Amino acid sequence: MKKLAVLAIAAALSSAAFAAPETYNIDPTHTLPRFEYNHLGYSVQLSRFDKTSGSITLDRAAKTGSVDVTIDTTSVNTGYALFNHHIQGEDFLATAQYPTATYKSTKVNFDGDKVASVEGNLTLKGVTKPVTLTINSFHCMPHPMLKKDACGATATAKVKRTDFNMGKNAPYIGDEVTITLPVEAIKP
């Protein structure tokens, strides 16, 4: 009977250790947030940010986690230097005053073993609004080159730029912006 109790305690402790939260640091070379919007009805324009940092914490056994992402808004990349400067101006990102955008989760939602969505707050141009990220893909495994555990996901959300004091030329330039966040994160 004592052996059975010892085995039960050992099993409980080992499963508690398994359920510990794991933190992953965002890989800035594989995390390049994109945004797209309708341009005068002619086309959908696609741009990105080249500098992102942050962390993701997951407890897959407990189905909990957190996401903390910081985007350097001065790294906006439209493919055209003059337009990069225009987007960084007061009418849009106002990067001189607000050089970063942040996303901080309030809840991570699971569907089985996979992250399905993340609820949180997006702060952009000094305005904070609730935004839910829909997770379109999610995968964790040992990184084949780095030999460390890694997780990756692609998340999307739609926001209105007028909600963040960036409504110049709306509705001609689309108010709705689709944000896509492809993220890869590595366990330290």
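Working only within segment 34-76, note down all residues that are aliphatic (A, V, I, L, M) and either surrounded by 15 or more Cβ atoms within 10 Å (Cβ to Cβ) or assigned to a strand (DSSP E or B) (or both). Passing the criteria: Val44, Leu46, Ile56, Leu58, Val67, Val69, Ile71, Val76. Of the residues contained in segment 92-104, one or more are found to be farther than 20 Å from Arg34 by Cα, exposed (fewer than 14 other Cβ atoms within 10 Å of the Cβ) and of a type outside the set (Asp, Glu).
Counting only residues that are free of Cβ contacts under 8 Å to residues at least 40 places away in the same chain and of a type outside the set (Asp, Glu), which one in segment 55-72 is farthest from Ile179 (Cα to Cα)?
This residue is Thr57.
When segment 158-188 is filtered for residues that are assigned to a strand (DSSP E or B) and among the β-branched types (Val, Ile, Thr), the ones remaining, listed by number, are Val159, Ile173, Val177, Thr178, Ile179, Thr180, Val183, Ile186.
More than 12 Å from the chain's Cα centre (by Cα), in contact (Cβ under 8 Å) with a residue 24 or more places away in the chain and surrounded by fewer than 13 Cβ atoms within 10 Å (Cβ to Cβ), is that true of Pro171? Criteria not met by Pro171.
What about Val6, is it of a type in the set (A, V, I, L, M, F, W, C), farther than 26 Å from Cys151 by Cβ and at pLDDT below 95? In short, yes.
Whenever a residue of segment 129-151 is without any contact (Cβ under 8 Å) to a residue 40 or more places away in the chain and surrounded by 15 or more Cβ atoms within 10 Å (Cβ to Cβ), it has no partner that is outside any strand (DSSP E or B) and acidic (Asp, Glu) lying with C-beta atoms less than 8 angstrom away and at least six residues away or across chains.
Let's see how each residue does on (1) in contact with a Leu (Cβ under 6 Å, 6 or more places away or on another chain); (2) farther than 18 Å from Gln45 by Cα; (3) modelled with pLDDT of 95 or more; (4) in a helix (DSSP H, G or I):
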residue: Gly79; (1), (2), (3), (4): no, no, yes, no
residue: Asn84; (1), (2), (3), (4): no, no, yes, yes
residue: Tyr103; (1), (2), (3), (4): yes, yes, yes, no
residue: Val108; (1), (2), (3), (4): no, yes, yes, no
residue: Ala116; (1), (2), (3), (4): no, yes, yes, no
residue: Thr128; (1), (2), (3), (4): no, yes, yes, no
residue: Val131; (1), (2), (3), (4): yes, yes, yes, no
residue: Leu146; (1), (2), (3), (4): no, yes, no, no
residue: Thr156; (1), (2), (3), (4): no, no, yes, no
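Note on segment 15-33: among residues that are modelled with pLDDT under 95 and not in a loop (DSSP other than H, G, I, E, B), the one that is nearest to His143 (Cα to Cα) is Phe18.
The values are calculated or read from the model by the stated rules, or taken from the named source; none is laboratory data. Note that the structure is predicted; figures quoted are calculated from it, not measured. Note that we place each Cβ from the backbone using ideal geometry, even for glycine, and neighbour counts take in every protein chain shown.
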